[in-house]
Number of protein chains: 2
Amino acid sequence: MRVSTRLSDSIHILAFLQIFHGKLPLTSENIAGSVRTSPVVIRRLMSALRKGGLIETVPGSADPRLARPASEISLYDIYLAVEGSDRHLFTIDEKTAPECIVGGNIQATLAEYYHQAEVAAQAKLATVTLQDVLDSILVRQAQKEAARRKDENK
Amino acid sequence: MRVSTRLSDSIHILAFLQIFHGKLPLTSENIAGSVRTSPVVIRRLMSALRKGGLIETVPGSADPRLARPASEISLYDIYLAVEGSDRHLFTIDEKTAPECIVGGNIQATLAEYYHQAEVAAQAKLATVTLQDVLDSILVRQAQKEAARRKDENK
DNA sequence: CTCCTTGTAACTTTTACAGTTTCACATTAG
DNA sequence: CTAATGTGAAACTGTAAAAGTTACAAGGAG
């Protein structure tokens, strides 16, 4: 399974926007530096986020911002914006022999069970907001700095 | 995302074994006919299922069988056997800039949230057994045949 | 023994995604 | 106005995972 890092990178972008807003020029190049990818990849993802109504941007102006508060953007919202609703976690083999009892009925059967599993995962993602991610990041950063100070003083 | 159809095809194989046991020679070629793939692909998947303790086979003999009742094999068992436990539904971008507050902390943060979503999906898969799949397949087949008869009689 | 089958390794093909190049257009500063 | 900077989008290339193929050694059945 080759899986895209689109969701990861998109969450990264949104977190970056929020944390560095007003502190750095929010160019696609600066964001790309943190994600370690090319500016074009960032712009592609931001295009999807914009179409999904999660951010607002002005062409030529390096100042994108969240379209609504971080606490009102769930990871599932981001997933939908950049992966779309027709993206599936599990894949059904579509070419099985229709004349066989198994091959002719397994697709519909698995579609049902796979859907249940996907909905369960999506529901979990929907409970986590961008604000939760920001809080986690800041807590982890504070812990790192505390550990570093302790290390220096011993 | 190029996603593997390993889970789908493996469920297909196990269902095929159970339904056609004693009615057809269960050669990799016959199974491949129903899955519409090559016999080697089938043998590769069956190798994983055998190592995962789900089926028992005898080299040279076309008579593989389930290692335990279909009601005691969950879709998650099959998933584990053919995809492994280090396979993830969501992928984290591992190359983000460690010196950045976001890039340096987002991986651990997302790992936690992604894990929760994966566990939710896996738990759903664990509640479905191969027997459930077999029942669904047989019900769907019966419905198809009923619809066909009704169609012929009108 | 002969034929068929399994099990596995090596190789090729396919395909989805990441990343690059390029260009038109918008904004801002001087 | 114009130069510099940045966005938005399309076309193209590179890459890695999975599917599929070929080949062959070794295990059963008649």
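Read the figures in this text as sums done on the coordinates, not as results from a lab. From a predicted model like this one, the values you see are computed outputs, not experimental measurements. Methodologically, a virtual Cβ is constructed for each residue, glycine included, from the backbone with ideal geometry; neighbour enumeration extends over all protein chains shown.
Rounded to the nearest Å, what's the spacing between the alpha carbon centres of segment A:4-69 and segment B:35-79? Just the number, please.
Centre-to-centre distance over Cα atoms comes out at 46 Å.
Around A:Lys95, what is the net charge, scoring Lys/Arg as +1 and Asp/Glu as -1 over all other residues with Cβ under 11 Å from its Cβ?
Numbers: positive: B:Arg36; negative: A:Asp93, A:Glu94, B:Asp9.
Result for the local shell: -2.
In units of 2.2 N^0.38 Å, what is the alpha-carbon radius of gyration of segment B:67-137? Spell out each step's value before the answer.
Working: Rg = 17.1 Å, N = 71, 2.2 N^0.38 = 11.1 Å.
Computed over Cα atoms of segment B:67-137, the ratio equals 1.54.
What percent does the relative contact order of chain B come to when contacts are Cα pairs within less than 8 Å and at least six residues apart?
On the way: 132 pairs, mean separation 36.6, N = 154.
Relative contact order for chain B comes out at 24 percent.
Tell me the distances, shortest first, between B:Arg65 and the same position across the other copies, using label points 7 Å along Cα→Cβ, in nm to one decimal.
Computed spacing set for this position: 7.1 nm.
Which of these, B:Gln122, B:Gln18, B:Gln141, has the largest mean-square fluctuation under a Gaussian network model of chain B (Cα springs below 10 Å)?
B:Gln141
Per 10 Å bin, what is the whole-percent P(r) computed from every C-alpha pair distance within segment B:1-84?
For segment B:1-84, the pair-distance distribution reads 18, 58, 23, 2.
Give me the dipole magnitude in Debye, nearest 20, for segment B:47-129 about the Cα centre, with unit charges on the beta carbon: positive for Lys and Arg, negative for Asp and Glu.
On the way: 7 positive and 11 negative charges, 66 e Å.
Charge dipole, segment B:47-129, about its Cα centre: 320 debye, nearest 20.
Counting Lys and Arg as +1 and Asp and Glu as -1, what is the net charge of the other residues whose Cβ lies under 15 Å from the Cβ of B:Gln107?
Numbers: positive: A:Arg36, A:Arg140, A:Lys144, B:Lys95; negative: A:Asp9, B:Asp93, B:Glu94, B:Glu99, B:Glu112.
Surrounding charge for B:Gln107 is -1.
Non-local amide H neighbours of B:Ser4 (under 5 Å, H modeled in plane, Pro and chain starts lacking H): which ones?
Excluding prolines and chain starts, which carry no amide H, the hits are A:Arg2.
Taking a quarter of the surface of the Cα convex hull of segment A:111-154, what do you get in nm²? Don't jump to the answer; show the numbers that get you there.
On the way: hull surface 17.2 nm².
In nm², the orientation-averaged hull projection of segment A:111-154 is 4.3.
What longest range of chain A stays clear of loop-exposed GluC sites (Glu not before Pro) (DSSP non-H/G/I/E/B, at most 11 other C-beta within 10 angstrom)?
Working: sites that count: A:Glu94, A:Glu99.
Segment A:1-93 is the longest.
Under unit Cβ charges (Lys, Arg +1; Asp, Glu -1), what dipole magnitude, rounded to 20 debye, does chain A have relative to its Cα centre?
On the way: 19 positive and 18 negative charges, 158 e Å.
Here chain A has a charge dipole of around 760 debye.
What nm distance separates the two modelled labels at B:Ala126 and B:Gln143, each placed 7 Å from Cα along Cα→Cβ?
If labels sit at B:Ala126 and B:Gln143, their model points lie 2.9 nm apart.
Please give the charge dipole size of the protein assembly as shown, origin at the Cα centre, charges +1 on K and R Cβ atoms and -1 on D and E Cβ atoms. Round to the nearest 20 debye.
On the way: 38 positive and 36 negative charges, 74 e Å.
Roughly 360 debye for the protein assembly as shown.
What number comes out for the charge environment of B:Leu130, summing +1 per Lys or Arg and -1 per Asp or Glu over other residues with Cβ under 9 Å away? Each step should come with its number before you reach the end.
Working: positive: none; negative: B:Glu72, B:Asp77, B:Asp132.
Taking every other residue near B:Leu130 into account, the sum is -3.
Once you have all Cα-Cα distances for chain A, histogram them in 5 Å bins from zero and send the whole-percent values.
Per 5 Å bin, starting at 0, the Cα pair percentages come out as 2, 8, 14, 16, 15, 12, 10, 8, 6, 4, 3, 1, 1, 0, 0.
I'd like the Karplus ³J(HN,Hα) series for segment A:80-92: coefficients 6.51, -1.76, 1.60, θ = phi - 60°, whole numbers in Hz, and an x wherever there's a Gly or Pro.
With the stated coefficients, segment A:80-92 comes to 4, 5, 9, 10, x, 7, 9, 8, 10, 6, 10, 10, 9 Hz.
Using all alpha carbons of the protein assembly as shown, what is the percent of pairwise distances in each 20 Å bin, ordered from the shortest bin to the longest?
29, 43, 25, 3, 0
Quick one: Karplus J couplings for segment B:58-73, per residue in order, coefficients 6.51, -1.76, 1.60, θ = phi - 60°, nearest Hz, x for Gly and Pro?
Values, residue by residue: 10, x, x, 10, 7, 8, x, 9, 5, 6, 8, x, 4, 6, 10, 10 Hz.
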